[in-house]
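Visitor: Here it is: the structure, laid out below.
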Amino acid sequence: MKKLKFLLTGFAALMLALGQASCSSDDPKPSDKPEPEQPSKPDTPDNPDEPEEKPNYHFDLWVALDRHGGMGRDVQTLVKSMESLNADQPVINFEGTGTEVNAVLTLETILKGKYYYQVPVAGTCFGKYVIKDNRIETIAERQFKTNTYSARKYTHAWIGDNTLLIMAADGDAEKIIWTKLNAEDLSIIAEGTLDIQIPAPGKKLTTSGIAAYRKSDNKLFYFYYAKSEGKRAKRVTPMYTAVINPETMAVESNKPCFLDCEMVGSAYGELLQNITMIDENDNLYVACFSTETDETEKSHLLKIPAGSTDFDPSYDGFTSAAKLNSIIYIGENKALAYAREDGMENGIDDFSYYYSVIDLTTIENTPVSIDGKRLPFSSGRFSSRMAAVDGKAYLGVDAEGVNPVIYIYNVADGTTVKGAEMATGYFFEQIRVVENL
């Protein structure tokens, strides 16, 4: 009994000692006398011994095998989740660790928070999914009601945090249909048809158009145009902007652009690449291009100023001769652009694409460089290999003859470092920033 009492006493003493040790990582040595506690200074750095707080997000890397996907291409697609894209890790390999998604999900997808939303490969419903532990989990699926949509061919906008709006031309490309979904369970809130006419009688509407919602003035913008029929259809009107009341879906105005242009990526919405963005001052930007008299394409970055519903005809944020392909806002009044260098005899998968940073005030376009040298040209036209979070932009480069590499651009000081590297044999498609479950 005495022995048991001694053990219990010793155990209690040990627990007390451990409890005291866990209160601070700066306990004095037994021979030291603790100094009086000093008031902390405002500029005192965090305790270096405290564990660094991990971000509440991770990165999903999407890759394809054999060739790049997008534009309806049926390719084998893998996704791998990564806590970090820094360089201090082994070369990223998808073998045995990547989630094969192409049997269920298309590359053309919507991401918000933790979840992916899309019309899946089956094309019979709306779906909400999460990629977890090397597999796809279905959170909710909802069958179409009256309006039906094809996989890949629609645009979207978020009206607040919980309402997902899907829009597209109908099967005959004569009307614009819309459906509002509750993002929680994908129940259909409302659906209908926009009250707009084809701006060129006898022609067709572009497949999906581009939708953008601006919270500051509670306006929904829908960009579209009319085109001829057939596989080689051509645009026959300027881009139009329909300004819509997001609650009632009533069209408040519907005007042609001052410039005879069209949006980038009008067939596949913003499912593959980002075409619109809103800066912290609530200016709305749209990536467009016009066709010159010699049939060459000239790219533009147009702006609808905050509080206005019309484009500013004096503003064009893209001054390069290259073709603008995708754009995201990265903060500090900067945009990151992905563009194609013309005149290099390249096809869709050739290595002619590059990244540049646009100062939205001075409209200076500066190619991204590292150690004084411009980043290599990259492949993949329909790419979302750009992501921005916590003051950094992540750029995926899939260059010729080397492994795919992720570069990390510091928005505040404009410096770039090399990040993680992928193993050879993969066609790099997307970087997605996903909230942790």
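Visitor: So, Glu229, is that one open to solvent by 10 Å² or more (accessible area, probe 1.4 Å) and at pLDDT below 95 or not?
Guide: Yes; evaluated as a whole, the condition is true for this residue.
Visitor: Tell me, which strands (runs of 3 or more DSSP E) lie completely within segment 119-165 with 3 or more residues that are open to solvent by 50 Å² or more (accessible area, probe 1.4 Å) and touching a Ser or Thr at 6+ places or on another chain (Cβ under 8 Å)?
Guide: In segment 119-165, 135-143 are the strands (runs of 3 or more DSSP E) which contain 3 or more residues that are open to solvent by 50 Å² or more (accessible area, probe 1.4 Å) and touching a Ser or Thr at 6+ places or on another chain (Cβ under 8 Å).
Visitor: While we're on this one: With Tyr329, Tyr268, Tyr353 as the choices, which residue is within 24 Å of Lys392 (Cα to Cα) and touching a Gly at 6+ places or on another chain (Cβ under 9 Å)?
Guide: Tyr353 is the lone residue from the list that is within 24 Å of Lys392 (Cα to Cα) and touching a Gly at 6+ places or on another chain (Cβ under 9 Å).
Visitor: Then there's this: Examine segment 394-410 for a residue that is open to solvent by 10 Å² or more (accessible area, probe 1.4 Å), modelled with pLDDT of 95 or more and within 24 Å of Ser266 (Cα to Cα), and state whether such a residue exists.
Guide: The answer is no; no qualifying residue exists.
Visitor: All but one of (1) farther than 22 Å from Glu435 by Cα; (2) in contact (Cβ under 8 Å) with a residue 40 or more places away in the chain hold for Lys128, so report the exception by its number.
Guide: Tallying (1) farther than 22 Å from Glu435 by Cα; (2) in contact (Cβ under 8 Å) with a residue 40 or more places away in the chain, Lys128 fails exactly one: (1).
Visitor: Oh, and also: So which of Gly113, Gly98 ends up being over 22 Å from Glu141 (Cβ atoms) and either without any contact (Cβ under 8 Å) to a residue 12 or more places away in the chain or of a type outside the set (A, V, I, L, M, F, W, C) (or both)?
Guide: Gly98
Visitor: Looking at Thr362, is it at pLDDT 95 or above and touching a helix residue (DSSP H, G or I) at 6+ places or on another chain (Cβ under 9 Å)?
Guide: Spelling it out, it is not the case that Thr362 is at pLDDT 95 or above and touching a helix residue (DSSP H, G or I) at 6+ places or on another chain (Cβ under 9 Å).
Visitor: Cβ contacts < 6 Å: first residue in contact (Cβ under 8 Å) with a residue 60 or more places away in the chain and of a type in the set (S, T, N, Q), restricted to segment 387-416; second residue part of a loop (DSSP other than H, G, I, E, B) and surrounded by fewer than 23 Cβ atoms within 10 Å (Cβ to Cβ), any location; separation 6+ or different chain. Result?
Guide: Every condition considered, the pairs that remain are Asn403/Thr424.
Conditions tested, residue by residue: (1) in a loop (DSSP other than H, G, I, E, B); (2) of a type in the set (Phe, Trp, Tyr); (3) at pLDDT 95 or above.
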position	(1), (2), (3)
Glu52	yes, no, no
Leu61	no, no, yes
Asn86	yes, no, yes
Pro90	yes, no, yes
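Visitor: Note down all Cβ pairs under 9 Å where the first residue falls in segment 292-310 and is at negative phi and among the polar types (S, T, N, Q), the second is open to solvent by 70 Å² or more (accessible area, probe 1.4 Å) and at pLDDT below 95, and they're at least six residues apart or on different chains.
Guide: Ser299/Ala321
Visitor: Something else: List the number of the failed condition for Thr97; all other conditions in (1) open to solvent by less than 60 Å² (accessible area, probe 1.4 Å); (2) within 21 Å of His68 (Cα to Cα); (3) of a type outside the set (A, V, I, L, M, F, W, C) hold.
Guide: Checking Thr97 against (1) open to solvent by less than 60 Å² (accessible area, probe 1.4 Å); (2) within 21 Å of His68 (Cα to Cα); (3) of a type outside the set (A, V, I, L, M, F, W, C), the one that fails is (1).
Visitor: Of the residues that make up segment 316-325, is at least one at pLDDT 95 or above, within 17 Å of the chain's Cα centre (by Cα), of a type in the set (S, T, N, Q) and outside any loop (DSSP other than H, G, I, E, B)?
Guide: No.
Visitor: Just give me the residues in segment 300-340 being surrounded by 20 or more Cβ atoms within 10 Å (Cβ to Cβ), of a type in the set (A, V, I, L, M) and closer than 25 Å to Leu375 by Cα, in sequence order.
Guide: Across segment 300-340, the qualifying residues are Leu301, Ala322, Leu324, Ile327, Ile330, Ala335, Leu336, Ala337, Ala339.
Visitor: Is it the case, given these coordinates, that Arg385 is crowded, with 22+ Cβ neighbours inside 10 Å, more than 18 Å from Leu85 (Cβ to Cβ), at pLDDT below 95 and among the charged types (D, E, K, R)?
Guide: Considered against the rule, which asks whether it is crowded, with 22+ Cβ neighbours inside 10 Å, more than 18 Å from Leu85 (Cβ to Cβ), at pLDDT below 95 and among the charged types (D, E, K, R), Arg385 comes out as no.
Visitor: Shifting gears a bit: Just to confirm my filter: which strands (runs of 3 or more DSSP E) fall fully inside segment 379-437 and include at least 3 residues that are under 16 Å from Tyr329 (Cα atoms)?
Guide: 386-389, 392-397, 405-410, 427-435
Visitor: Any residue in segment 395-403 that is on the phi > 0 side of the Ramachandran plot and under 21 Å from the mean Cα position of the chain (by Cα)?
Guide: For segment 395-403, residues on the phi > 0 side of the Ramachandran plot and under 21 Å from the mean Cα position of the chain (by Cα): absent.
Visitor: Step by step: first the residues of segment 232-248, then only those that are assigned to a loop (DSSP other than H, G, I, E, B) and basic (Lys, Arg), then the one that is nearest to Thr163 (Cα to Cα). Which residue is that?
Guide: For segment 232-248, the residue satisfying everything is Lys234.
Visitor: I would also like to ask the following. Check whether at least one residue in segment 373-381 is in contact with a Ser or Thr (Cβ under 7 Å, 6 or more places away or on another chain), buried (at least 17 other Cβ atoms within 10 Å of the Cβ) and within 26 Å of Leu111 (Cα to Cα), and report yes or no.
Guide: Scanning segment 373-381, I find no residue that is in contact with a Ser or Thr (Cβ under 7 Å, 6 or more places away or on another chain), buried (at least 17 other Cβ atoms within 10 Å of the Cβ) and within 26 Å of Leu111 (Cα to Cα), so the answer is no.
Visitor: Another question, then. Suppose we filter segment 285-298 for residues that are crowded, with 23+ Cβ neighbours inside 10 Å and of a type outside the set (Val, Ile, Thr); how many remain?
Guide: Of the residues in segment 285-298, 3 are crowded, with 23+ Cβ neighbours inside 10 Å and of a type outside the set (Val, Ile, Thr).
Visitor: Now a separate question. Looking only at residues that are open to solvent by 30 Å² or more (accessible area, probe 1.4 Å) and at pLDDT 95 or above in segment 411-431, which one is nearest to Phe59 (Cα to Cα)?
Guide: Glu421
Visitor: Only one residue in Lys114, Lys204, Lys180 is under 24 Å from Met263 (Cα atoms) and open to solvent by 30 Å² or more (accessible area, probe 1.4 Å). Which one?
Guide: Being under 24 Å from Met263 (Cα atoms) and open to solvent by 30 Å² or more (accessible area, probe 1.4 Å) holds for just one of Lys114, Lys204, Lys180, which is Lys204.
The values are calculated or read from the model by the stated rules, or taken from the named source; none is laboratory data. None of the values given here were measured: they were computed from a predicted structure. Reconstructed Cβ throughout: ideal geometry from the backbone, glycine too, with neighbour counts over all protein chains shown. Accessible surface is based on the protein model in full, side chains and every heavy atom, while ligands, DNA and RNA are left aside. Shrake-Rupley method; radii C 1.70, N 1.55, O 1.52, S 1.80 Å.
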